[in-house]
Amino acid sequence: MEKQKLPNSTLILVFGIISIVTCCCYGVLGLIFGIIAMVMAKKATALYMANPELYSGYQNVKTGKILAIIGIILNVLYLGYVIFLFATLGMDGIMNMNQDIMEQYGM
């Protein structure tokens with residue numbers, strides 16, 4: 001009997017990668033992708049563990065889950081940093097900091 005591919009195994013991997021890549025979007029977008037990847041990975045793992053001989057592609061699920069965990073951690077750290085900046089500097093302080101950086105690099 002031919003093994004079927006686990007449902008959403010590639011999508012879990014892609015969402016795990018996206019959660020890491022988008023961690024600089026104030027930590028929100030990547031956090032969403034990471035959480036979705038974790039939920040989907042949990043469902044796919046449960047399906048695979050019920051009948052491991054029927055499915056292939058579990059390696060993508062494991063890799064996607066690891067990437068999602070890393071992405072969630074990075075996004076939570078960056079979101080905490082952004083909240084800290086808004087709490088201490090405010091919007092005007094952040095805008096001034098960005099303007100100083102742009103002037104420093106000649107943009």
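The values are calculated or read from the model by the stated rules, or taken from the named source; none is laboratory data. All figures in this text were calculated on a predicted structure; none of them were measured in a lab. Cβ coordinates were reconstructed from backbone atoms using ideal geometry, including for glycine residues, and neighbour counts include every protein chain displayed. The area values use the complete protein model at the heavy-atom level, side chains included, leaving out ligands, DNA and RNA. Shrake-Rupley method; radii C 1.70, N 1.55, O 1.52, S 1.80 Å.
Couple of notes before you dig in:
- The residue that is surrounded by the most Cβ atoms within 10 Å (Cβ to Cβ), counting only those in region 1-31 that are part of a loop (DSSP other than H, G, I, E, B) and among the charged types (D, E, K, R), is Lys3.
- Residues of region 79-107 that are crowded, with 16+ Cβ neighbours inside 10 Å and over 23 Å from the mean Cα position of the chain (by Cα): none at all.
- Number of residues in region 41-58 that are farther than 16 Å from Ile20 by Cβ and part of a helix (DSSP H, G or I) equals 10.
- Test: Met49 is more than 30 Å from Met95 (Cβ to Cβ) and open to solvent by 40 Å² or more (accessible area, probe 1.4 Å): yes
- Val61 meets all of the listed conditions (1) in contact (Cβ under 8 Å) with a residue 24 or more places away in the chain; (2) in a helix (DSSP H, G or I); (3) surrounded by fewer than 20 Cβ atoms within 10 Å (Cβ to Cβ) but one, namely (3).
- Scan of region 32-46 for residues that are free of Cβ contacts under 8 Å to residues at least 24 places away in the same chain and open to solvent by less than 40 Å² (accessible area, probe 1.4 Å), ordered by number: Thr45
- Verdict on Ala87 being small (Gly, Ala, Ser) and touching a Gly at 6+ places or on another chain (Cβ under 9 Å): no
- Region 64-78, subset open to solvent by less than 50 Å² (accessible area, probe 1.4 Å) and hydrophobic (A, V, I, L, M, F, W, C), residue farthest from Ile17 (Cα to Cα): Ile72
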